[in-house]
Ligand SMILES: *Cc1c(COP(=O)(O)O)cnc(C)c1O
C-alpha cells in the first residue's frame, strides 16, 4: 500500500521576516487599535480597486452589518441573497432584523441568477447581496441596469479580491463591495475585512456604524492632545480592524498578482487532470471574467459525495464542502419552512460538491498526490455505489 501523504486543505504563507517586522513596528508605536497604518492600507485598497473610499473591518461579517446599518436597512426590509453561499451572507441580514430572500443560482457557475433576482424584487426590497462565489464575478453592471436605483447592491467579495469581469473590479458598479481577510481567504490577516465604495455619504455613515455609532475614532478623539467630545447619531457595531492585523496586509496586496498566477496554474492543472472524467463536474468559466481562484470545487454524484469526501480525508487529502445550500440548514429551514426543492440548483450542488486543496504554496508533488487520489477514490466510490 502506498504511504499516506497528508496534503492540507490550506496552508498560509505569513510569517516572513517582513510580516514579523510589520507587526512589531505597530507594537512599538502608540496605537494598538485602528490608526495611521490602517489608513495607509485603506489608501492602498482604494488604488487597487479604483474606488474613492475604503474602510478596513475586523471581519466581512461585521463590515456587512455596519454596511446594512449605514444603509438604514432593518426590520420589515428584504435583502436578496443566493441560496448557494457561506451562511454569513444571509446571517448578517438576520442579525439586523431584516428578511433574507433567497434565490437560486446558475447550474454551471453557481453564481446568483440575475433573472431570479429581478423576479424576487418586491416593494420591501432594499438591497441585493450577490456573492462572487469561488472567485468568479457576478455581472454587477448587468444587475445594476435591471434594478431600480433605490435598491442597493452590496457585493460579497469574500472569495474575490483579485477577480475582474469585463475589466472591472469589485466596487466599480455597486454601492459597496465587502471583502474578508479571514484565515483561509486569498488575502488574510487571521481575521479581518474591508469595505470599498465610491459613495462618500455612505462612507461618512460607515465611519460611525463600524465604531458603535460614535462620531470620531480613538485617534481622532485625541488629535492635538485635546480631548474632543463625541456624539452618537446612529446605531453602530464594533467592526474596526486593529493596526496590528492591518500591518499584515500591504505585502500581500503588493504580491497579489504573483499569488494569483500560482493559483491559476494549480487550477489549470486540476482542470486538465479531471476534464476527461465523466464522474467529475467542473465549474463553467464566466466569459469575460478573471477568477480570483479562491476555491477549487468539483461535483460528483450526490449519492457518493460523502463517501468520496471520507475516502479523501482518510487518504490525507484535506477536502471540504463549500457549501451545502443555506436554505436547507436547520435555522433557515425551520424559520422559513423551506423545502429542499425551493432552490433546487443550490440544493443539488450542495449535495454534490467538494473542494480540493488550492493555495499558492501547494507543491507540485502534493497536487499530483491529490489528483491521483481523487481519480482513484472517485472510481472506487462509483463502483461501490453502483454507478460504474
Ligand atoms: C468567509 C466568508 C464570509 C465571512 O467572512 P468573515 O470575514 O469570516 O466574516 C462571507 N461570505 C462568504 C462567501 C465567505 O466565504
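Since every read-out is calculated from the coordinates, none of them should be taken as a lab result. Since we're looking at a predicted model, the values are computed, not measured. Glycine also receives a Cβ, built like all others from the backbone with ideal geometry; neighbour counts cover every protein chain displayed.
Can you tell me the alpha carbon radius of gyration of the range 95-199 divided by the globular rule-of-thumb value 2.2 N^0.38 Å?
1.06
Quick one: angle between helix 60-70 and the longest Cα principal axis of the chain, in degrees between 0 and 90, rounded to 10, please.
Roughly 50 degrees, rounded to the nearest 10.
Quick check on the chain: helices-only [θ] at 222 nm, where DSSP H runs of length 4 and up contribute -39,500 (n - 2.57) each and the sum goes over total residues. Nearest 500, please.
-11500 deg cm²/dmol
Report, to one decimal in Å, the Kirkwood hydrodynamic radius for the chain based on all distinct Cα pairs.
About 21.9 Å for the chain.
If you average the C-alpha positions of the range 7-74 and of the range 335-388 separately, how far apart do those two centres end up, in angstrom?
32 Å
Helix 200-209 against the longest principal axis of the chain: what's the angle in degrees, Cα atoms only, rounded to the nearest 10?
In the chain, helix 200-209 runs at an angle near 90 degrees to the longest axis.
What's the angle, to the nearest 10 degrees (0 to 90), between helix 364-384's Cα axis and the longest principal axis of the chain?
Helix 364-384 and the main axis of the chain meet at about 60 degrees.
Relative contact order of the chain: what whole-number percent is it, with Cα pairs under 8 angstrom and at least 6 residues apart?
23 percent
Compute the distance from the alpha-carbon center of the range 154-174 to that of the range 112-133, in whole Å.
17 Å
What distance in nm separates the two pseudo spin-label positions at residue 87 and residue 21, each 7 Å out from Cα along the beta-carbon direction?
4.2 nm
Provide the FRET efficiency to the nearest 0.05 for the residue 141-residue 285 pair, computing r from the beta carbons and using R0 = 25 Å.
0.85
Which whole-number percent gives the relative contact order of the range 260-388, counting Cα pairs below 8 Å spaced six or more residues apart?
Answer for the range 260-388 is 32 percent.
Can you give the alpha-carbon Rg of the range 287-388 over 2.2 N^0.38 Å, where N counts its residues?
The reported ratio for this selection is 1.23.
What relative contact order, as a whole-number percentage, does the range 186-296 give when Cα pairs under 8 Å and 6 or more residues apart are counted?
This gives 25 percent for the range 186-296.
What are the extents of the Cα atoms of the range 161-294 along their three principal axes, in Å, largest first?
Principal axes ranked by extent give 68, 29, 26 Å for the Cα atoms.
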